[in-house]
Amino acid sequence: MQRFRSLLRNTADGVAAAMLATLFSVFIVQIAARYIFNLPVGWTQEVSATLWLWLVLWGAAFCLRDEDHVKFDLLYQAAPTRWQRIFAMLAAVSIIIAVAGALPAAWDYVDFYKIKRSAVLQVRMKWVFIIYILFSVGLVARYVIGLIAILRDPGAPPSRPLPIPQEPR
C-alpha cells in the first residue's frame with residue numbers, strides 16, 4: 001500500500017511539475033513574441049491562465065501535504081487532545097458534506113460551459129473548468145481518508161488537524 005501511495009504522490013507531483021514547466025515555457029514565448037519580435041500572440045495568454053488555474057487546484061488537491069496548507073489553528077493547538085480529535089472530526093465531516101453537497105451544482109456549472117469556447121484556441125470551456133471537479137473529488141477523498149484515520153485509532157493523539165498518513169518529503 002505504501003508503494004502505491006508513493007506512486008500516486010510521485011505521479012501527482014510529476015503532473016504539477018509538467019504543468020509548471022509548460023507554464024514557464026509559454027510565458028517565455030509570450031515575452032519573446034511581444035518584446036523581442038513585436039508580434040503579440042493571444043494563445044499564450046489563454047494557455048497561461050488555464051495552466052495557472054489547473055496548477056493551483058491540482059496542487060492543492062493532490063500535491064500539498066496537510067501541514068503545507070495555511071491554517072488558523074490557534075484554538076485547535078490550545079485545546080486538549082480529546083477536543084482536538086473532536087475538532088478534527090467536525091472539520092472533516094463539515095468539509096466532506098459541504099464539498100460533496102456542492103458537487104452536483106458544480107458539475108452543472110462546468111457542464112454548462114460545453115457550449116462556450118475560448119476566444120483564441122476555441123477550446124470548450126468545460127475542459128478548462130473541469131479541474132474544479134477533480135479538485136472537489138480529491139478534497140473529499142482526502143478528508144474521508146483523514147476521518148477514517150481519526151476514527152480507526154481513537155486513542156492516539158492527532159498530530160495535526162487532519163492526520164492523513166503520508167511519507168515525509
*Could you list all residues from the stretch 33-69 that are open to solvent by 50 Å² or more (accessible area, probe 1.4 Å) and among the aromatic types (Phe, Trp, Tyr)?*
Tyr35, Phe37, Trp43, Trp52, Trp54, Phe62
*asked:* Just to verify a result, which residue in the stretch 49-104, among those that are in a loop (DSSP other than H, G, I, E, B) and touching a Pro at 6+ places or on another chain (Cβ under 7 Å), is modelled with the lowest pLDDT?
replied: Lys71
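Listed here are the residues, each with its yes/no results for (1) under 30 Å from Val120 (Cα atoms); (2) among the hydroxyl-bearing types (Ser, Thr, Tyr); (3) under 14 Å from the mean Cα position of the chain (by Cα).
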position: Leu7; (1), (2), (3): no, no, no
position: Ala12; (1), (2), (3): yes, no, yes
position: Val26; (1), (2), (3): yes, no, no
position: Val41; (1), (2), (3): yes, no, no
position: Arg85; (1), (2), (3): no, no, no
*Specify the residue that is nearest to Ile131 (Cα to Cα); the eligible residues are those in the stretch 1-32 that are surrounded by 11 or more Cβ atoms within 10 Å (Cβ to Cβ) and in contact (Cβ under 8 Å) with a residue 60 or more places away in the chain.*
Arg9
*Could you list, in sequence order, all residues of the stretch 115-133 that are part of a helix (DSSP H, G or I) and either surrounded by 13 or more Cβ atoms within 10 Å (Cβ to Cβ) or hydroxyl-bearing (Ser, Thr, Tyr) (or both)?*
Met125, Lys126, Trp127, Val128, Phe129, Ile130, Ile131, Tyr132, Ile133
*Val140 versus (1) in contact (Cβ under 8 Å) with a residue 12 or more places away in the chain; (2) under 18 Å from the mean Cα position of the chain (by Cα); (3) under 30 Å from Val41 (Cα atoms): which is the lone unmet condition?*
(3)
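In the set Val26, Val56, which member is over 21 Å from Tyr143 (Cα atoms) and out of contact with any Cys (no Cβ under 9 Å at 6 or more places or on another chain)?
Val26
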*Of everything in the stretch 85-94 that's open to solvent by less than 50 Å² (accessible area, probe 1.4 Å) and in contact with a Leu (Cβ under 9 Å, 6 or more places away or on another chain), which residue is nearest to Ala141 (Cα to Cα)?*
Ala92
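The values are calculated or read from the model by the stated rules, or taken from the named source; none is laboratory data. If you're wondering where the values come from, they're calculated on a predicted model, not measured in any experiment. Here Cβ is always computed from backbone atoms with ideal geometry, including for glycine, and neighbour counts include all displayed protein chains. Keep in mind that these areas ignore ligands, DNA and RNA; they rest on the heavy atoms of the full protein, side chains included. Shrake-Rupley method; radii C 1.70, N 1.55, O 1.52, S 1.80 Å.
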